[in-house]
Amino acid sequence: MGSDTARRAKAAARAEPDMPEPERIAMAPELSLGPLAEVLGYHIAQAAVATVDLFERHIGQRFELRKVEFSILMLLLPNPMLTPKRLGQVLALTPPNLTLLLDWLQQRGLLLRERSEVDRRSQNIVLTAEGRALAQAAAEAAVPMERELHPRLTAAERALLIELLRKVSGR
């Protein structure tokens, strides 16, 4: 055991039970990830924990939106008329799950299903005035949320991470 690790282990053992967890963790000996060190899904899940917490604090609680609902509103903001099929494809949602989400957002008064003027057999999903206002406010709230992540990555690292995650997701 290295001298730094030994010192941290002794300090952690002496730590008082009411010491805040981040301080106890910082003093504890390093933990080997073993095979997890090479498991991409583990690292993605760990990053998701941090980003989900940010989302909940900035958007989820404030606007009463889940991540997928936020995503739907963000996609409808620049794309005023999307078919349910296209929306489901982009978000990798099954038709039954998408229908439930759209029903809920429609009950909240955030969107409508309108018949397509081009093809009367299909529907377009459009934001209501209330939905557009909420989507714009949520988009604005996403700016400080993303800003909290900026110190962790350079602009180049952020762009590379987004590109790599798109590859992993097959999109």
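Charged side chains reduced to their Cβ positions (Lys and Arg at +1, Asp and Glu at -1) give segment 36-169 a dipole of some 340 debye around its Cα centre. Which one of Ala159, Thr94, Gln107 has its Cα pushed farthest toward the positive end of the charge dipole of segment 90-171, where Lys and Arg give +1 and Asp and Glu give -1 at the Cβ? Value computed over the given set: Thr94. Counted over all Cα-Cα pairs of segment 132-171, pairs farther apart than 15 Å make up 57 percent. Could you give me D for segment 18-171, from Stokes-Einstein at 20 °C and 1.002 mPa s, where the hydrodynamic radius is the Kirkwood radius over C-alpha pairs? Units µm² s⁻¹, please. Value of D from the Cα-based Kirkwood radius: 118 µm²/s. For Asn124, the amide hydrogen comes within under 5 Å of the amide hydrogens of Glu114, Arg115, Ser116, counting only partners 5 or more places away or on other chains and with H modelled in the peptide plane.
Ala142 to Ser122: FRET efficiency via 1/(1 + (r/R0)^6), r the Cβ-Cβ distance, R0 30 Å, to the nearest 0.05?
Numbers: r = 30 Å, r/R0 = 1.01.
So the FRET efficiency works out to roughly 0.50.
The HN-Hα couplings worked out from phi for segment 119-126 by the Karplus form 6.51 cos²θ - 1.76 cosθ + 1.60 (θ = phi - 60°) are 10, 5, 7, 10, 10, 10, 9, 10 Hz, whole numbers, x standing for Gly and Pro.
Only the coordinates and a few stated rules stand behind these numbers; no lab work does. On a predicted model such as this, the values are computed, not experimentally measured, just so you know. As a convention, Cβ positions derive from the backbone with ideal geometry for all residues, glycine included, and neighbour counts pool all protein chains shown.
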